[in-house]
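Everything below concerns the one structure shown next.
No lab work stands behind these numbers, since they all come straight from the coordinates. Quick caveat, the model's predicted, so the values are computed rather than measured. Heads up, the Cβs are rebuilt from the backbone with ideal geometry, glycines too, and the neighbour counts pull from every protein chain shown.
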Amino acid sequence: MPLIEPLPALFKSSKLMLLDFADIPKTIPIEANIRAFFADYERRGLNPRLPEHRQQFNNRFLSVSKTRYLVSRYGEDRSAMLTGSQIAKEGRTLHMGIDIFCKDLAPVFAPCDGVIVRTGFEAEAHSYGHYLLLKPDQDIDVYLFFGHLSKALPKLGPVKAGEHIATLGDYQHNENGGWSRHLHLQCCSELPPEGQTPIGYSTKQAFLENSRRFPNPFQYFPKWHVD
């Protein structure tokens, strides 16, 4: 059985957002061009990576496109966006999950029957913030990792498909790790060691191996169409 949508109306109202600067065509509308947004803010002496600035870009894109969510690609190279960060210095620039950006602090629903096996919180800047791990009951041999949530995390134990399990966290309250409002969704072929979270980025050299450890989430959501 395919997984159902983890956010309200996600399958019906998703727009692709390109975050690999090298893949953004010159013909893309300005409201969708995050490369141009970065250049404009840097020219004005502003930091485009601040969550409140990224949220302004996201909100405009959402408004003009008349859609509810902006969705990134799996395995996307984000080296331009990560310039100067520690993970960029390590060469880890390929994103191992998908990000789902939105304007509001949307509720998160269990996409299947399963068990919440772990919840936690990373307090560091540019971390996952509050997160949870869900093990599906059905024949899906992965754990589902949800990051950048609010502090109102669920209790460990069984949940039903469609059950409200969390809400997106905000950057204003040190909930989501310091990012614009979005859900980080990642698949894990095995449960991360206690006290650890899955790596969010891979080097190009290790991507094939890491793609087996953290497979593409889209394959488990066949009804999800992103324009």
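Mean-square fluctuations from a GNM of the chain, with a 10 angstrom spring cutoff on Cα atoms, peak among PRO29, PRO154, PRO136 at PRO29. In the chain, the longest principal axis of the Cα atoms and the axis of helix 51-65 are about 90 degrees apart.
Each Cα pair under 8 Å and six or more residues apart adds its sequence gap; the mean of these over the residue count of region 59-153 is a relative contact order of 20 percent. Of all aspartates and glutamates in the structure, those lying under 20 Å Cα to Cα from LYS160, and not within fewer than 8 positions of it along the same chain, are GLU5, ASP113, ASP137, ASP139, ASP141. Pairing the Cα long axis of helix 34-43 with the longest principal axis of the chain, what angle in degrees results, from 0 to 90 and rounded to the nearest 10? It is inclined by approximately 50 degrees. Normalising the average separation of contacting C-alpha pairs (under 8 angstrom, six or more residues apart) by the number of residues puts the relative contact order of region 102-200 at 32 percent. In the chain, Rg over Rh equals 0.94, where Rg is the alpha-carbon radius of gyration and Rh the Kirkwood radius from pairwise Cα distances.
Note on the chain: with a GNM built from Cα contacts shorter than 10 Å, the maximum mean-square fluctuation among VAL115, VAL159, VAL64 falls on VAL64.
Sites listed here are GluC sites (Glu not before Pro) in region 1-104 whose DSSP assignment is loop and whose Cβ has at most 16 other Cβ atoms within 10 Å: GLU90. Once C-alpha pairs closer than 8 Å and six or more residues apart are averaged by separation and normalised to the residue number of the chain, the relative contact order reads 24 percent.
Of LYS15/LYS155; LYS151/LYS204; LYS66/LYS204; LYS12/LYS135; LYS103/LYS223, which ones are farther than 30 Å apart at the Cα? Violating the 30 Å Cα-Cα cut-off are LYS15/LYS155; LYS151/LYS204; LYS66/LYS204.
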